[in-house]
1. I'd like to verify a number: residues in segment 90-119 that are open to solvent by less than 60 Å² (accessible area, probe 1.4 Å) and charged (D, E, K, R), how many?
2. Any chance you could count how many residues in segment 274-292 are over 13 Å from the mean Cα position of the chain (by Cα) and among the β-branched types (Val, Ile, Thr)?
3. Considering only segment 1-40, state which residues are at pLDDT 75 or above and either under 23 Å from residue 140 (Cα atoms) or not in a helix (DSSP H, G or I) (or both).
4. Report yes if some residue within segment 73-84 is assigned to a helix (DSSP H, G or I), within 18 Å of the chain's Cα centre (by Cα) and modelled with pLDDT under 85; otherwise report no.
5. Give me the helices (runs of 4 or more DSSP H) completely within segment 194-292, filtered to those with at least 3 residues that are open to solvent by less than 30 Å² (accessible area, probe 1.4 Å) and at pLDDT below 80, ordered by residue number.
6. For segment 315-344, give me the residue count where each residue is open to solvent by less than 50 Å² (accessible area, probe 1.4 Å) and assigned to a helix (DSSP H, G or I).
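The values are calculated or read from the model by the stated rules, or taken from the named source; none is laboratory data. Keep in mind that this is a model prediction, so the values were computed, not measured. SASA here: full protein model, heavy atoms, side chains in, ligands and nucleic acids out. Shrake-Rupley method; radii C 1.70, N 1.55, O 1.52, S 1.80 Å.
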Amino acid sequence: MTPVITAFLSFAFLCFASWCVGEGGEILGKKYDASIIGGLIIAWLNTAPEAIFFITALTSDNTRFAVGAVSGSSIVVCTVALGCCIVLGTRNRKGGTVQLQPPVKKQCLILLLSLLIPLFLSLVGYNVFFGIFGIIYYLVFIGYSLFHKLPEDEKKEDPRDIEMGVGGQNERKNGANDSSNSNANSESDDEDTDEENEHDEPLYKGVFYLFLGGLLICYFSKPFIDSIVTLASSWEINPILLAFFLAPIASEMPEILESISLSRKGNSQSINIAFSNLIGGTITKTTLLMGIFCFFGVVKGFEWESPTYSLCLLLLTVCAAAASGIGYFVNKIKQQHGLILFAVFLLAGIIQYKYNINIDEGNLDPIIVDPIA
């Protein structure tokens, strides 16, 4: 089987596997997310596809693919996905703005502080201290998230904010408002029935989805990675470039689509949940996966390739800083903030393309870094 066919088939199965994990985690989350143990399990399940993908690349000595995958998925989530949530969410809200709740703002601050880890790694290479610090930081973040969940009571306040221009239209189009209100009521009734149907999902179905998704990810990750590396070699480009653009689709697309779907409702609580999911997923990459990356680099003696690895982590840091900065420092997020994130992604993609499209092995500068320094 040719590398192109292998890459296409394994890519398709990985996308389906990620959807299975997301679907199974959602079913279990409705039943157990209220408990501490359940929250830990669901938090881990949300990171499982990317973590398995990342570790598989490292264990098969495809470090370039691992670096491209973690930076690409982080950047896509922080810019494209979050930008879509902001643009779609604010378009359906009165005044065209949305305010993040205090727990989500604190989560943005946590992400902002965690960016010190990839930033310093881009400067010093593999480092045991930052590896340990990244894992500890992630565990503290998980513990904090379990005890500081978003309040559910605010869902009832949002329908007033979703209706755009209600005050000015009441005097002129009462009949139109009555019909729109009836439509809104029917839609809300439909949503309630949908939610009730979703709650009826049996437990074994969620377990089956998780088992099937995890099995497919474990089985198809290596063929996909190997085929992409082979294609990159035959096309004389750096595997980082292909991983940067393809890995986010394979491992993150279900979560991204779910967050976008939540934001389209224009509901403040839904937008906050979507924002929180995407920011939380990025924190996992800047802490846990960075820690794993350091330990693999030290234990297996990987060489730090400059400037490609440093560039990937610097781009990750800049994009995540833009997203977390908007979330934490901006009180009323508007549509233009989403457009700014789109522009940041475009710039990051151009830089990655420029430095990795036709890279010469001789131009890479392998650096052996003291892992303790």
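1. Selection size over segment 90-119: 2.
2. Selection size over segment 274-292: 2.
3. Scanning segment 1-40 gives a single hit, 2.
4. Keep residues of segment 73-84 that are assigned to a helix (DSSP H, G or I), which gives 73-84.
Filter once more, keeping what is within 18 Å of the chain's Cα centre (by Cα): 73-84.
In the following step, the residues that additionally are modelled with pLDDT under 85 were identified as none.
No: zero hits.
5. Hits in segment 194-292: 239-264.
6. The first filter runs over segment 315-344 and keeps only residues open to solvent by less than 50 Å² (accessible area, probe 1.4 Å), leaving 315-317, 319-327, 330, 333, 337-338, 341, 344.
Subset that is assigned to a helix (DSSP H, G or I): 315-317, 319-327, 337-338, 341, 344.
Counting residues in segment 315-344 that are open to solvent by less than 50 Å² (accessible area, probe 1.4 Å) and assigned to a helix (DSSP H, G or I) gives 16.
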